[in-house]
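Taking it in order: structure first as structure tokens, then the write-up.
The values are calculated or read from the model by the stated rules, or taken from the named source; none is laboratory data. Keep in mind it's a predicted model, so treat the numbers as computed, not measured. Don't worry about glycine lacking a Cβ; one is built from the backbone with ideal geometry, like all the others, and counts go over all protein chains shown.
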Amino acid sequence: MGNRDAIHMLSGVVEFDDCYIGGPTVGKKRGRGTEKAKVFVALSLKDGRPEYLKLGVTENIRKESVKAFAEKSIQHESTIKSDACRSYIPALTDYDHQYEKFDPKTESLQWLHTIISNAKASILGTYHGLPKKNLQEYLNEFSFRFSRRGFGGALFDRLALAMVGSPLA
């Protein structure tokens, strides 16, 4: 699924952010200093509604990592909307990058945060935790299914096509 989605790049208006996936860390750092898995999330919008999704596990949220994820996932003529994270601003200069300080009371990045919440609930609710080394495969599955949610009964056929077209491991 990940190989099939790697062929396609997001375009148009793309919401971009990062999130942390993992079990609760009682008594440990939260937010940017957490030990949870760090994940980049990019969601393309069409007419203000979510269309396609890319999720990628990363070692850190630094400028170089942001730029590398964007270059392999988002077309350069796209408009990227994000929060004002200090590593996003210099990393996304090759794009039409629109950012603002995040305020949960506004509708800024509303679809993106809904998708992040759904992905966390799906992964943690289904698998009740999983090692970081396997997380990218589960994120690939979630992205594949999300990006093809309108295919209905043809989803199995799309998966079979992806399997036939992927290189042997």
- Message: Suppose we keep only residues that are within 17 Å of the chain's Cα centre (by Cα) and hydroxyl-bearing (Ser, Thr, Tyr) within the stretch 100-127. Which one would you say is farthest from residue 58 (Cα to Cα)?
- Response: 108
- Note on the structure: Among the residues of the stretch 66-95, the number that are charged (D, E, K, R) and closer than 20 Å to residue 55 by Cβ is 5
- Note on the structure: Pairing a residue in the stretch 39-68 that is within 19 Å of residue 89 (Cβ to Cβ) with any residue that is part of a strand (DSSP E or B) and small (Gly, Ala, Ser), where Cβ atoms lie under 9 Å and the two sit 6 or more apart in sequence or on different chains, gives 40/56; 41/56; 42/56; 58/37
- Task: For the stretch 44-75, name all the residues that are closer than 16 Å to residue 96 by Cβ, in contact with a strand residue (DSSP E or B) (Cβ under 6 Å, 6 or more places away or on another chain) and of a type outside the set (Val, Ile, Thr).
- Result: 44, 45, 73
- Select from the stretch 102-130 the residues that are loosely packed, with under 11 Cβ neighbours inside 10 Å and of a type in the set (Gly, Ala, Ser) and list them in ascending order. 121, 125, 129
- Query: Of the residues in the stretch 96-108, how many are under 18 Å from residue 48 (Cβ atoms), of a type in the set (D, E, K, R) and assigned to a loop (DSSP other than H, G, I, E, B)?
  - Reply: 1
- Message: I need a count of the residues in the stretch 69-99 that are in contact (Cβ under 8 Å) with a residue 40 or more places away in the chain and charged (D, E, K, R).
- Response: 4
- Among 61, 80, the single one that is buried (at least 16 other Cβ atoms within 10 Å of the Cβ) and more than 14 Å from residue 19 (Cα to Cα) is 80
- Query: Any residue in the stretch 106-122 that is aromatic (Phe, Trp, Tyr), modelled with pLDDT of 90 or more and within 22 Å of residue 146 (Cβ to Cβ)?
  - Reply: yes
- Task: List every residue pair whose Cβ atoms sit under 8 Å apart, with the two residues 6 or more apart in sequence or on different chains, where the first one lies in the stretch 101-112 and is on the phi > 0 side of the Ramachandran plot and the second, anywhere, is part of a loop (DSSP other than H, G, I, E, B) and surrounded by 10 or more Cβ atoms within 10 Å (Cβ to Cβ).
- Result: 109/102
